[in-house]
Amino acid sequence: MHILNVHIFWKFFRYLLEKFLKIYTRRWTLLNDNGISATSNVLDLGCGDARFSEYFNGVYVGIDNHKPYIDKASRKYLSKIFGTTIDSIDLKKYSFDCLLLLDVVHHLTDAEFSDIILKIKHLNIKKIFIFDPIKEQRGVIGRLLCFLDRGKFIRSLTELKQLIKNNDLLITKIENLKFGPTDCVMIVVKK
Ligand SMILES: C[S@@+](CC[C@H](N)C(=O)[O-])C[C@H]1O[C@@H](n2cnc3c(N)ncnc32)[C@H](O)[C@@H]1O
């Protein structure tokens, strides 16, 4: 088992990423710049332990297939809704301002990504935000971090764009980001 699947190590790792690279704060600002606020209704797929849910006080549904993270999140964030699969929650009854895929797409094969898109296509979701590292890393440390990442499907920007296009989604914005030594992108998508 990967060390980051143990919640305490995961939590410490994310604490360091926030402290030194401001990963959550910067994403929050970027979401704000793109029309998302604390009162927005959010579907957070691959939410981990739902640390990011702390920014929201509207409807927040977090899904992650690693049950120990979801168990922790359910105990900590009592007003939020959690599940380990998309099918485990009746999502049709909500209207979401956005679907968040924060550092998740590189954990998914093309087929898994398509399966998720198929399942959310009929839902009421205004925008999709993808934040992901990309293959084009400018430095050795960035390349090393990508190599060590648990997600084994880090794509080039061209591959990410193609994946999105193949699933009949429309890209409305792409922003290149640097989180310390790691080159990433934010892609805003519409169904
Ligand atoms: C790098 S973590 C990001 C967690 C969170 N979004 C954050 O930024 O703190 C990626 C997460 O995606 C989850 N994940 C991977 N494949 C998934 C799938 N098919 N369905 C749901 N969650 C998945 C993993 O369990 C992990 O918690």
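The values are calculated or read from the model by the stated rules, or taken from the named source; none is laboratory data. A quick note: this is a predicted structure, and the numbers were derived from the prediction, not measured. So basically every Cβ, Gly included, is an ideal-geometry build from the backbone, and we count neighbours across all protein chains shown.
Table: residues versus (1) of a type outside the set (A, V, I, L, M, F, W, C); (2) touching a Gly at 6+ places or on another chain (Cβ under 7 Å); (3) surrounded by 16 or more Cβ atoms within 10 Å (Cβ to Cβ).
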residue	(1), (2), (3)
M1	no, no, no
V6	no, no, no
R14	yes, no, yes
E18	yes, no, no
W28	no, no, yes
G35	yes, no, no
S40	yes, yes, yes
L43	no, no, yes
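Which condition from (1) more than 16 Å from M186 (Cβ to Cβ); (2) near the ligand (Cβ under 9 Å from one of its atoms); (3) in contact with a strand residue (DSSP E or B) (Cβ under 9 Å, 6 or more places away or on another chain) is the one that L100 breaks?
(1)
Yes or no: the range 53-65 includes at least one residue that is within 11 Å of the ligand (Cβ to nearest atom), modelled with pLDDT of 95 or more and over 27 Å from K178 (Cα atoms).
Yes, because at least one residue in the range 53-65 is within 11 Å of the ligand (Cβ to nearest atom), modelled with pLDDT of 95 or more and over 27 Å from K178 (Cα atoms).
Keeping to the range 15-52, report how many residues are near the ligand (Cβ under 10 Å from one of its atoms) and either farther than 18 Å from K178 by Cβ or among the β-branched types (V, I, T) (or both).
The qualifying residues number 10.
Can you name every residue in the range 66-75 that is within 18 Å of L91 (Cα to Cα) and more than 13 Å from the ligand (Cβ to nearest atom)?
S74
Yes/no per residue for (1) of a type in the set (S, T, Y); (2) assigned to a strand (DSSP E or B); (3) surrounded by 14 or more Cβ atoms within 10 Å (Cβ to Cβ):
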| residue | (1), (2), (3) |
| --- | --- |
| L118 | no, no, no |
| D132 | no, yes, yes |
| K152 | no, no, no |
| L163 | no, no, yes |
| I174 | no, yes, yes |
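Could you please give the count of residues in the range 57-80 that are without any contact (Cβ under 8 Å) to a residue 24 or more places away in the chain and surrounded by 19 or more Cβ atoms within 10 Å (Cβ to Cβ)?
4
Any residue in the range 104-133 that's free of Cβ contacts under 8 Å to residues at least 40 places away in the same chain and among the basic types (K, R): show its pairings with residues that are within 11 Å of the ligand (Cβ to nearest atom) and in a helix (DSSP H, G or I) at Cβ separation under 7 Å, as long as the two are six or more apart or on different chains.
Qualifying pairs under 7 Å: K119/I86.
Report, by residue number, each residue of the range 86-97 that is touching a Lys or Arg at 6+ places or on another chain (Cβ under 9 Å) and either within 14 Å of the ligand (Cβ to nearest atom) or on the phi > 0 side of the Ramachandran plot (or both).
If the condition is that a residue be touching a Lys or Arg at 6+ places or on another chain (Cβ under 9 Å) and either within 14 Å of the ligand (Cβ to nearest atom) or on the phi > 0 side of the Ramachandran plot (or both), then I86, D87, L91 are the ones that fit.
Based on what the data block shows, is D168 away from the ligand (no atom under 11 Å from the Cβ) and over 18 Å from the mean Cα position of the chain (by Cα)?
yes
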